[in-house]
Amino acid sequence: MCNLCFAVAGMHRIFLCCAVYAAAVACLVEASSFTHLDRRYPVMFGGRHPGQRVPFVFAKVESKDLSAYLRDDPKGPAWGSVLDNYDARTPWHFDEHESLLKADWHTLAPGAKEVFQPRRAAVVKMPQAPPRIYAFAKAFRDQNIPVWNSIAHSLRALKMEPSEDVGSLADIFLHALQERLHFGTVEVQVGRGNQITLPSHKDGASSLLHLSLTLGGCRTLRMGRYTRRHSAPKDLPNFAANRHLPSKTRDRLRRERDRKEENVWDSNCWRDGNIVDSEMLLGSTYISSPCCFEHAVRYGKCSFDDPVIALQCRFAMLDGEVAHRINMLQDESMRQVSGVVASSLKAAVDKGELQMPSVGQVKLARLQLAAQNMHSPASQLSTARGSSRRLRGFQKNK
């Protein structure tokens, strides 16, 4: 009986291998490449960390078919129901105490994980993401391995800097890339029906490498950006021209200048061209570093049939102490680390190397994950036991 059980398990693996091959053939569809939001300024600048502005890249791509595929996962949430049905929300751990419905999932090894949650600044237990989103994270990481390797190479070089703070921060993110923790958490946001305008803010450090997908509805991302490293805010004198002023006066001017950059909804604080609105519809996807620049989102009015759904994919930070220490870090070390990320992303986008996987590639990733589970000893034992039970039942029926 034991040999027969393992033979059945072997047949399962053969079938799975055939399915993987078929999916691989389907993956011959070309992936979509990201492009710069503003080709004139592929590298833009956000807040000061301190003194000089911190650089970042904002690249976008349209992936309507893929977003619809992720949204319509039969093993995922019933999106229309989560807005008005508590029982539909509960299995997916949606938070009831937000202006939007929010939930946090992970895309790491199977099972629930304790991960740092940026919006609460706390380590919480996160469930695994729905199967299609889970597989997408793997496919996106695999599709762009050369890009992550480029960032890792630059971070290794940064570790050699004389500054201990710079080297330590570079090592934290290098380790995260090596452990495939990038895009390891997914914050899902669902509009509640009415238009919602969220406050202006900067994200925490886990958004140094941040991927956002819109799976439904309409929302508008407003960002405050500058085109030069030393750009001055609106209606404030260039600080370099005030070096003759007393130090206390210069400090007061600096504080006033920084406060004026904290609200992207206040147009009086920004020069024309420094505020950029990007409409996000089904399929709108971007990758950036929103911990570097001031931004906010307006969620459009939506129906239960077409709710606004957005996924925010960030680094998974497993060490709560480290996460708390660097979460809102805005110093010279963060500016340098952000700079190497921006340089690598710019080079990848310029060459067309940063790509969004196709639906076929995500399907292939799902099958590969299933194959990995089949090959684990625990899965083989479970399959054998399940086959044994089915065979015994078959013999009884016979």
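The values are calculated or read from the model by the stated rules, or taken from the named source; none is laboratory data. Bear in mind that the values here come from a model prediction, so they are computed numbers and not experimental data. Don't worry about glycine lacking a Cβ; one is built from the backbone with ideal geometry, like all the others, and counts go over all protein chains shown. For accessibility, only protein heavy atoms count, side chains too; no ligands or nucleic acids. Shrake-Rupley method; radii C 1.70, N 1.55, O 1.52, S 1.80 Å.
Data for the structure
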| item | result |
| --- | --- |
| Flag for residue 310 being open to solvent by less than 20 Å² (accessible area, probe 1.4 Å), among the small types (Gly, Ala, Ser) and assigned to a loop (DSSP other than H, G, I, E, B) | no |
| Residues of the stretch 339-367 classified as buried (at least 22 other Cβ atoms within 10 Å of the Cβ) and in a helix (DSSP H, G or I), total | 11 |
| Candidate set from the stretch 123-143 (those that are buried (at least 24 other Cβ atoms within 10 Å of the Cβ) and among the aliphatic types (A, V, I, L, M)); member that is nearest to residue 110 (Cα to Cα) | 129 |
| Matching residues, the stretch 71-97, being closer than 30 Å to residue 326 by Cβ, not in a loop (DSSP other than H, G, I, E, B) and not acidic (Asp, Glu) | 92 |
| All positions within the stretch 284-307 that are part of a loop (DSSP other than H, G, I, E, B) and either surrounded by fewer than 16 Cβ atoms within 10 Å (Cβ to Cβ) or under 15 Å from the mean Cα position of the chain (by Cα) (or both) | 289, 290, 291, 292, 301, 303, 304, 305, 306 |
| Selected residue (criterion: most open to solvent (accessible area, probe 1.4 Å)) from residues of the stretch 148-195 that are of a type in the set (Val, Ile, Thr) and in a helix (DSSP H, G or I) | 172 |
| Boolean, residue 268 is surrounded by fewer than 16 Cβ atoms within 10 Å (Cβ to Cβ) and at pLDDT 65 or above | yes |
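Yes/no matrix, rows are residues, columns are (1) under 13 Å from residue 318 (Cα atoms); (2) part of a helix (DSSP H, G or I); (3) not aliphatic (A, V, I, L, M):
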residue	(1), (2), (3)
99	no, no, yes
105	no, no, yes
116	yes, no, yes
120	no, no, yes
137	no, yes, no
140	no, yes, yes
146	no, yes, yes
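Condition check ((1) at pLDDT below 75; (2) not β-branched (Val, Ile, Thr)) across all residues:
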{"position": "360", "(1), (2)": "no, yes"}
{"position": "379", "(1), (2)": "yes, yes"}
{"position": "383", "(1), (2)": "yes, no"}
{"position": "388", "(1), (2)": "yes, yes"}
{"position": "391", "(1), (2)": "yes, yes"}
{"position": "394", "(1), (2)": "yes, yes"}
